[in-house]
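Here's the structure we're looking at; comments come further down.
Just so you know, all these numbers are worked out from the coordinates, no wet-lab data involved. Remember, it's a predicted structure, so these values are computed and weren't measured experimentally. Here the Cβ positions follow ideal geometry from the backbone for every residue, glycine too, while neighbour counts run over all protein chains shown.
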Amino acid sequence: MKDFFLRNNAYHIWATNLLYESLETISDEDYKKDVCLFFKSIHGTLNHLLLVEKVWYSRLVGELYIPKSLSEEIEPNRQTLNSRMFQSLELWNSWLEKVDDTAWQTIFRYKTMRGFEAELIFCDVIQHNFNHRTHHRGQITAAITQLGGKSPEIDYVFYLQTKGK
């Protein structure tokens, strides 16, 4: 199971890199423009991704990070947001390396942002995190296309084929 999630994280690093490469052609104005995404802009969506990564990571390592909202801007600078996103993905990779093989099917208890107690199977928490990344990257690629940019080919199977795995 650990190898599966490490491979998924490697995919997300690869896909996020391609996404950011395609964002280089998007002007700062368009990057922050409301293009009708759930978090309005590409910037808002990337900020949300970083914020949620921080929320879930803090839960998993036993810290408590509760933002004011899921749309809170935690990094206003485009380049710094880019750097912080990759730092976060590398942090997840280091953390995943250390997960004990017996943990995957255990019950994980945490507090929701509304303060309620919740529980999920540990591996489902990790899978949710990966699925969440994919969901919002898909929204961003649609926005890139809408803004006249070229959307990257970031399907998981394409990653597997290009990486020879």
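Per-structure values
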| item | result |
| --- | --- |
| Hydrodynamic radius of the chain per Kirkwood, over alpha carbon pairs, in Å | 16.7 |
| Cα-centre dipole for the chain with unit charges at Cβ (Lys and Arg positive, Asp and Glu negative), debye to 20 | 140 |
| Pairs from Lys54/Lys163; Lys40/Lys68; Lys2/Lys150; Lys40/Lys163; Lys40/Lys111; Lys32/Lys163 whose Cα-Cα separation, in the structure shown, is over 24 Å | Lys54/Lys163; Lys2/Lys150; Lys40/Lys163; Lys40/Lys111; Lys32/Lys163 |
| Residues in segment 109-149 reached by a label modelled at Glu72 [backbone nitrogen below 13 Å; 7 Å Cα→Cβ] | 113-115 |
| Built amide H within the under 5 Å cut-off of Ile121, gap 5+ | Phe108 |
| Convex hull volume per residue in cubic angstrom - Cα atoms of segment 108-165 | 94 |
| Extended-chain gain in nm, criterion 0.36 nm per residue less alpha-carbon gap, Ala10 and Thr106 | 32.2 nm |
| On Cα atoms only, tilt of 2-23 relative to the major axis of the chain in degrees | 20 |
| Rounded to 10°, Cα long-axis angle of helix 78-98 versus longest principal axis of the chain | 30 |
| DSSP-assigned coil residues among GluC sites (Glu not before Pro) in segment 84-159, each with at most 12 further Cβ atoms within 10 Å | Glu153 |
| Computed over segment 1-103: relative contact order in percent, which uses C-alpha pairs under 8 Å that are six or more apart | 33 |
